[in-house]
Amino acid sequence: MSDQQARNLEIRGVTKTFGQVTALKAVNQEVRQGEFFTLLGPSGCGKTTLLRIVAGLELPTTGTIILSGRDITALPAARRQVNTVFQSYALFPHLSIFENVAFGLRSRRFPEAEVQRRVAATLDLLEMGAMRDRSPDQLSGGQRQRVAIARALVNEPEILLLDEPMSALDAKLRAQVQEELRRLQRRLGTTFIMVTHDQAEALVCSDRIAVMNAGEIIQCGTPAEVYDFPRSRFVAEFLGAANLLPAKRAGGGVETGVGRLRLEREPVWQEGLIAIRPEWIKVGTSEPAVNGVLATVEDIVYRGTNFDLTVTPGPMRVRTNAFKQFAIGDRVWLELPPPELVILED
């Protein structure tokens, strides 16, 4: 595979303005062939606008979209090797599942034999062949999603775009469909680009995540990279829970509101923030050798598989296994391991 092919999609300097509002600010990003790539961010951050520009449903104010080495910036949506699955699924209620999937091919006047072959093969791939004669209202939410994906895949796109594809599902079904969608993408090898505001969804599904805020991609990496090593306060807080400790640089470590802490490396700033996830803090009854904090339990939330403790000083949130029993007012020792303390850049 050439380097150009490996970069299935290139977004170069894409800016989008709507009147006085700047939705995207000179976004640069590449998406690799065959990866599951996710644009993650809060409402209004520009992720859907960027997806629509890739789809050809919006034109950028400035910038270029390159697909497999070809400039497609001005190419109409119908002529791009890109298909979109919208969050509403947009299935035709009066058509059978087979006819829903066949609609695009028929509108492009494909030979009937080719329509039959491609639709049947795609439905079988998504394990929906047995339901080909049903109508959309006879399907579950997860099944309707698969039909919407089948309708996009039958056109054999280079890239499949998914706009909040699980927002209409209840929590239990959403968790099931997340894993199913990830397995499907791996089996197909098609490039998927998904837009979501759901952090758990992004972590489960993605090869890489681009975290967006205020029209910019502020960090991109594997799920482990962006979760374990957030670069900014926004990423630390938006992707999961994080304890943020104001700190001052002091002789090989930092001074914080919970005491002096040793780090694995010195921060570049004199004053800033360090972050640590609640699940990375160890709780015990004896003082640890490094970065020990004597704390008091102020609140306890039971979450089935674990307890969330709020402790002072801090306040900090700590996550413990459900078999560890604590009571409000207990004095406990916390260990903040140096490898788990992340130095934020802002």
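A few comments on the model shown:
- If you go through region 243-260 and keep only what is in contact with a helix residue (DSSP H, G or I) (Cβ under 8 Å, 6 or more places away or on another chain) and either open to solvent by 20 Å² or more (accessible area, probe 1.4 Å) or among the aliphatic types (A, V, I, L, M) (or both), you end up with just L244.
- Identity of the residue in region 117-135, open to solvent by less than 10 Å² (accessible area, probe 1.4 Å) and in a helix (DSSP H, G or I), that ends up farthest from G56 (Cα to Cα): L123
- Residue, farthest from T196 (Cα to Cα), within region 113-167, restricted to residues that are in contact (Cβ under 8 Å) with a residue 24 or more places away in the chain and β-branched (V, I, T): V119
Here is a yes/no grid of residues against (1) open to solvent by 10 Å² or more (accessible area, probe 1.4 Å); (2) in contact (Cβ under 8 Å) with a residue 60 or more places away in the chain; (3) touching a strand residue (DSSP E or B) at 6+ places or on another chain (Cβ under 6 Å); (4) under 30 Å from E179 (Cα atoms):
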position	(1), (2), (3), (4)
Q20	yes, no, no, no
G41	no, yes, yes, yes
T62	yes, no, yes, no
S68	yes, yes, no, yes
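- V283 vs. criteria of a type outside the set (S, T, Y), modelled with pLDDT of 95 or more and within 25 Å of T310 (Cβ to Cβ): no
- Annotation: S88 fulfils all but one of (1) under 28 Å from R182 (Cβ atoms); (2) surrounded by 15 or more Cβ atoms within 10 Å (Cβ to Cβ); the unmet one is (2).
- Test: residue in region 315-324 that is in contact with a helix residue (DSSP H, G or I) (Cβ under 9 Å, 6 or more places away or on another chain), of a type in the set (A, V, I, L, M, F, W, C), farther than 19 Å from D228 by Cα and not in a helix (DSSP H, G or I): no
- On the stretch given as region 215-233, residues that are in a loop (DSSP other than H, G, I, E, B) and among the aromatic types (F, W, Y) total 1.
The values are calculated or read from the model by the stated rules, or taken from the named source; none is laboratory data. Owing to the predicted nature of the structure, the values given are computational and were not obtained by experimental measurement. Heads up, the Cβs are rebuilt from the backbone with ideal geometry, glycines too, and the neighbour counts pull from every protein chain shown. These accessible areas exclude ligands, DNA and RNA; they are computed on the full protein's heavy atoms, side chains included. Shrake-Rupley method; radii C 1.70, N 1.55, O 1.52, S 1.80 Å.
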